[in-house]
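Engineer: Have a look at the structure that comes next, please.
The values are calculated or read from the model by the stated rules, or taken from the named source; none is laboratory data. All figures in this text were calculated on a predicted structure; none of them were measured in a lab. Every residue, glycine as well, gets a Cβ built from its backbone with ideal geometry; the counts of neighbours run over all protein chains shown. When the accessible area is computed, the model is the full protein with side chains, heavy atoms only, and any ligands, DNA or RNA have been set aside. Shrake-Rupley method; radii C 1.70, N 1.55, O 1.52, S 1.80 Å.
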Amino acid sequence: MNKEFEKLRELIVQKEIDQLDDIILRVKNIENSQKRDILVKSLSKIIVEILVENINNDENKIYSVVHPFVIKGLKEELNGTNDEISKILGPLISSSIKEQVHKEKDSIVDALYPIMGNMVSKYVTNAFKNMMVEINYKLQDTLSTEIIQRKIKSKIYKISEAELLIKESNFAKVNSIFLIHKESGMLILDAHREDNKKIDEPEMVASMLSAIKSFVNDWISNQDKMSEVSEIEYGNSSILIESAGSVYLAVVIDGKSDFNLQEEISFTLSKVILNHAIEISEYDGDPETIKSNDIIKILSTLFYNKSKNKNKNKLENKFPIFSTILLIFFILTPLSWSGFNSYKEYLIKKAEDSIISLIQKNNIKIYDFKIQTDNKIIEIEGIVLNQNEKDKLNILMLNTNVVNSVDCVNYSFLNQYIKLQLNKILFDYNNKYGSNISYIINNDNKIILKGSIIDINAKNELANYLNKIFKDYKLEFNIKLLPKFKDRIYFEVSSFEISEKYNIILDNIYKLLKIHNSYKIRITGYTDIQGDTLFNKNLSFKRANSVKTELIKRGINKKSIIISFVAAPPNDILDTLTQKNISRCVAFNWEINSSE
Amino acid sequence: MNKKQKKIILIGSFSVGKTSLIRRFVENSFSDKYISTIGMKISKKEIQIKDEILMLLIWDIEGAVNKVKRVNKTYMRGASGVIIVSDISSIGIKEDLILHLEDFYSVNKQDIPAIIAFNKIDKNKDFSIDISDIFDKYPSLLASFKTSAKDSLNVENMFTLLSKEMLKS
C-alpha cells in the first residue's frame, strides 16, 4: 500500500519535492554559513581552552599533529639566510650549557671525556715522546762529563738522576729577544731565532711592554709590596723580563723558564752592559749610535746555548775526560774568577739599586742611610723618625735577604746624633785648616755652618764632605772667606829693622785688619839656620815685635795682634842652606780660632 | 731597523681631545692599539723630515680626572717631545697647562721641546688667551697651536714642528 502511495506521490509531486529539497538545502547552506561565522566567533574565544583540554587528554596526539610542521618550519629557517633563530637561541644555548654544567657536571664530563681525553693524551704522549728522545740521547752519551756532573749533583742535592735528567730535557727555547730602553720604552734592537717568524712592529711591542711594566710597577709600589714584573706568561710561552739600570731585556721563550735560563739571561744582559753601557744609556732613538752587530752577537748566544753544549760534549768524548777537565780548569780558573767577580759585583749593585729605589718609591726617609753587602747578605743601616716607617720597612724587607738594621729614634736623639758627628768633623777640620767653623741647628732641622776660613779650596772641601755625609739634611753655609796674607817682611842678617820698602805691605795689612776688624792677626818671627839658638829666639821675637809696633803705630789695637817667634826658618822653606835670605822674615796669619 | 725613533707624549685633562688629535694625525695608521685598562694607548706613525724618516711612537696618556688623581708619571719618562692639549671651552686652562708642564718636567730634562694645543677651536674661532708668562717660565715651550681634530686644523703642522725640533736635539 505504502509503495503504491509512494509511486503515486513520485508521479504527481516529485518535481516539486525535488525543487523543495533544493530550496531546503539552499536555506540550510545559508543558515550553515551564518552559523559558521557564529561558530568561528564562538570557537575562537574558547580555542585555547579546547587546546589545553586536548593536550591534557592526549598530548601525544597533539604533538604528532604539530611535530611535522615545527620540523618543516625549522628546516626552512635554518636553510635560509635568516639568522633570526641563531640570534634567539644563542644566549639560550650558552646559559643552558652553563646551567647544565652546574647541575650535571659529571654527565657533561662523561660526554666530553672521550673527545678531550683523547686530545690531552695525544698531547701528553707527544710531549713524552720528545722527552724520551732527549733522555735517550743523554743516556747514550754515557761517557760525557755531563753524566759525571749529574751524578755529583745528584749526590750533593739529594735529587735522583732521573729527575735531573727530566729537568735537563725540559729546556726552554728562546725565540725572540728585545733590548729596550727602560725610561722611554724605545726599542734599541731586536733579535730572533733563525727558524722563528720575525715579530711585526717590534717598536710597538717594546713600547707596549714598557707601558705594561710601568703600570704594574707603579701599581705594585702603591700596594706596598716588593716586586717587579719579571715574567709574562701565555700558555706554554713566556716573556722573561730582566732589568738593569737603563735598559731591560724582554726574552720570548717557548716552554717553562728555569733558574739556569734566568741566570743566563741576567749574565748576557750584564755582558751587554759591561761592553756598551754608555751608548745604550744615552740612546735617543738613533740606531746609528748603537753597535747593533756587537750587541746582537752577545744576545744571540741565548738562542744557541743548548746546541753549543751538545757539540761540546761530542768533542769531549774524543779526549781523555779527566785530563781535559783539568786542562780546562787550569786555563779557565783565573778568567772565570775575574768574570765571576765582575758579574757578582754587577748583581750586588743591582740588588742594592733595587732596594734603594724601593725605599724611595715608598717615601721612607732614612737618615744616614748605608747599604752594605757581605756574601749574599745585604744589610741596611740608618735612622727613621717614626715607628710607622720602621714597620713599613720591615714589611718591605720581609722574605728577602736584606738584614734591616735601621733604627727608629725621635728628633731629639737625632739632633744629638748629628751634633756628635758635626762636633767631631769640625774639630778635625778647624785643626787642619786653622778655621773657626761652628754650627747651629735651627727649628727646621736645618744645619747652618758659620765662621771663617782662609783657603777657598778648604771651604769647598768642607762643603762637599758635609753635603755627602748629611745628604738628608738641609745645609746652609755662612762661612766667610778671609783673604790670605801672601807677603812677608824680610830682614838683614841679625837685624830686626824693617826696611822702608815694606811700608806698602804694612799698609795693606792695616787695611785688611780694619775691614775684618773682628779677627786677630798672628805675627810670627823667623830666623835663618845660622847662629846660636838663644840669640835667634831673641832675634825672632824682636822681628815680630817691631812689626807689631809698626801696625800699632798705624792704628791697630794691640789686642788684635798676637805674636809668636821661632828660632828657625818657616816650614815652607825648602832649602834652608841656600835660602837664608828668605828665611829671615816675619809672616802673617789670621788668628781666627781666638776671634771674638 | 735603521729609522730613528722618537717618543712623543700627549698629556692634558680628561676629554680635551688628545685621542682625536692623534687619530687625525695617524689617519690610515699602521698601528693603533689600545689598552684601556692601563689608561694609555700607543700609536705609531712614520714621517719624513727632509731626507730622514722618523718613526714617531705617540703615547696617548689617559687624562687626569682632577688635581688629586694625577696621571702616572712613569709613562712620561724618556719622552723626546710633549704636546699639552687643552680644551678651549673648558675653565681653568692656564692652571691646567702649568700643572701638566710641571708634571712633565718633573720627570724629564728641561730642554725637551713642548707644544701647547688649544683644541676644539672649531667651537669658538675667536678664542684667544695670553700665555706669555707660561712661555717665560718654560724656555723649551716652542709654540702654541689652535687645533681642531674635527676640521683637521693645524694638527699636521703641530706634529711636524715638534718632530723637526726633536731632530735638532
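Engineer: If the requirement is being within 14 Å of A:Glu352 (Cβ to Cβ) and open to solvent by 40 Å² or more (accessible area, probe 1.4 Å), which of these qualifies: A:Gln372, A:Gln387? I'd like the intermediate steps shown before the answer.
Structural biologist: On the way: A:Gln387 fails: within 14 Å of A:Glu352 (Cβ to Cβ).
After applying the criteria, what remains is A:Gln372.
Engineer: Does A:Ser42 satisfy being surrounded by 11 or more Cβ atoms within 10 Å (Cβ to Cβ), at negative phi and at pLDDT below 80?
Structural biologist: yes
Engineer: Of all residues in the stretch A:172-205 being among the charged types (D, E, K, R) and more than 10 Å from every other protein chain (Cβ to nearest Cβ), which is least open to solvent (accessible area, probe 1.4 Å)?
Structural biologist: Residue satisfying both the conditions and the ranking: A:Arg193.
Engineer: So, one more: Might you let me know whether the stretch A:504-514 holds any residue that is touching a residue at least 60 places away in the same chain (Cβ under 8 Å) and not in a helix (DSSP H, G or I)?
Structural biologist: Of all residues in the stretch A:504-514, those touching a residue at least 60 places away in the same chain (Cβ under 8 Å) come to A:509.
Of the ones still in play, those that are also not in a helix (DSSP H, G or I) are none.
There is no residue in the stretch A:504-514 that is touching a residue at least 60 places away in the same chain (Cβ under 8 Å) and not in a helix (DSSP H, G or I).
Engineer: Evaluate the following for A:Glu233: is it away from chain B (no Cβ under 14 Å), modelled with pLDDT of 70 or more, over 24 Å from A:Ile278 (Cα atoms) and outside any helix (DSSP H, G or I)?
Structural biologist: Here the answer is yes, as A:Glu233 does meet what is asked.
Engineer: Right, B:Leu161: open to solvent by 60 Å² or more (accessible area, probe 1.4 Å), closer than 25 Å to B:Lys50 by Cα, modelled with pLDDT of 90 or more and among the aliphatic types (A, V, I, L, M) or not?
Structural biologist: So B:Leu161 fits the description; yes.
Engineer: Looking at the structure I just gave you, is A:Lys558 under 16 Å from A:Trp590 (Cβ atoms), open to solvent by 80 Å² or more (accessible area, probe 1.4 Å), out of contact with any His (no Cβ under 6 Å at 6 or more places or on another chain) and at pLDDT below 90?
Structural biologist: No; evaluated as a whole, the condition is false for this residue.
Engineer: For the stretch A:53-64, how many residues meet the condition of being surrounded by fewer than 11 Cβ atoms within 10 Å (Cβ to Cβ) and closer than 30 Å to A:Ser86 by Cα?
Structural biologist: Residues flagged as surrounded by fewer than 11 Cβ atoms within 10 Å (Cβ to Cβ) and closer than 30 Å to A:Ser86 by Cα within the stretch A:53-64 amount to 3.
Engineer: Determine, yes or no, whether A:Tyr502 is of a type in the set (Phe, Trp, Tyr), out of contact with any Leu (no Cβ under 8 Å at 6 or more places or on another chain) and farther than 22 Å from A:Lys520 by Cβ. If you could, list the steps in order and put the result at the bottom.
Structural biologist: Numbers: of a type in the set (Phe, Trp, Tyr): yes; out of contact with any Leu (no Cβ under 8 Å at 6 or more places or on another chain): yes; farther than 22 Å from A:Lys520 by Cβ: no.
No.
Engineer: Given (1) open to solvent by 10 Å² or more (accessible area, probe 1.4 Å); (2) within 24 Å of A:Pro202 (Cα to Cα); (3) within 11 Å of another protein chain (Cβ to nearest Cβ); (4) at pLDDT below 90, identify the lone condition not met by B:Met40.
Structural biologist: It fails just one condition, (1).
Engineer: State which residue is farthest from B:Leu97 (Cα to Cα) when the search covers only the stretch B:1-23 and only residues that are part of a helix (DSSP H, G or I) and open to solvent by 10 Å² or more (accessible area, probe 1.4 Å).
Structural biologist: Applying the filter and picking the extreme gives B:Arg23.
Engineer: What single numbered condition from (1) away from chain A (no Cβ under 14 Å); (2) farther than 23 Å from B:Glu156 by Cβ; (3) among the hydrophobic types (A, V, I, L, M, F, W, C) fails to hold for B:Val107?
Structural biologist: (1)
Engineer: Restricting attention to the stretch A:255-283, which residues are without any contact (Cβ under 8 Å) to a residue 40 or more places away in the chain and within 14 Å of chain B (Cβ to nearest Cβ)?
Structural biologist: A:Ser281, A:Glu282
Engineer: Here's a follow-up. Is one or more of the residues making up the stretch A:575-594 surrounded by fewer than 14 Cβ atoms within 10 Å (Cβ to Cβ) and in contact with a strand residue (DSSP E or B) (Cβ under 9 Å, 6 or more places away or on another chain)?
Structural biologist: For the stretch A:575-594, residues surrounded by fewer than 14 Cβ atoms within 10 Å (Cβ to Cβ) and in contact with a strand residue (DSSP E or B) (Cβ under 9 Å, 6 or more places away or on another chain): present.
Engineer: May I ask you to list the residues in the stretch A:466-477 that are of a type in the set (Phe, Trp, Tyr) and open to solvent by 50 Å² or more (accessible area, probe 1.4 Å)?
Structural biologist: Residue satisfying the conditions is A:Phe477 alone.
Engineer: I've got another one for you. Just to be sure before I move on: is B:Phe135 more than 16 Å from B:Ile22 (Cβ to Cβ), open to solvent by less than 40 Å² (accessible area, probe 1.4 Å) and either outside any loop (DSSP other than H, G, I, E, B) or charged (D, E, K, R) (or both) in the structure I sent? Outline the logic, then answer.
Structural biologist: Working: more than 16 Å from B:Ile22 (Cβ to Cβ): yes; open to solvent by less than 40 Å² (accessible area, probe 1.4 Å): no; either outside any loop (DSSP other than H, G, I, E, B) or charged (D, E, K, R) (or both): yes.
No: the conditions fail for B:Phe135.
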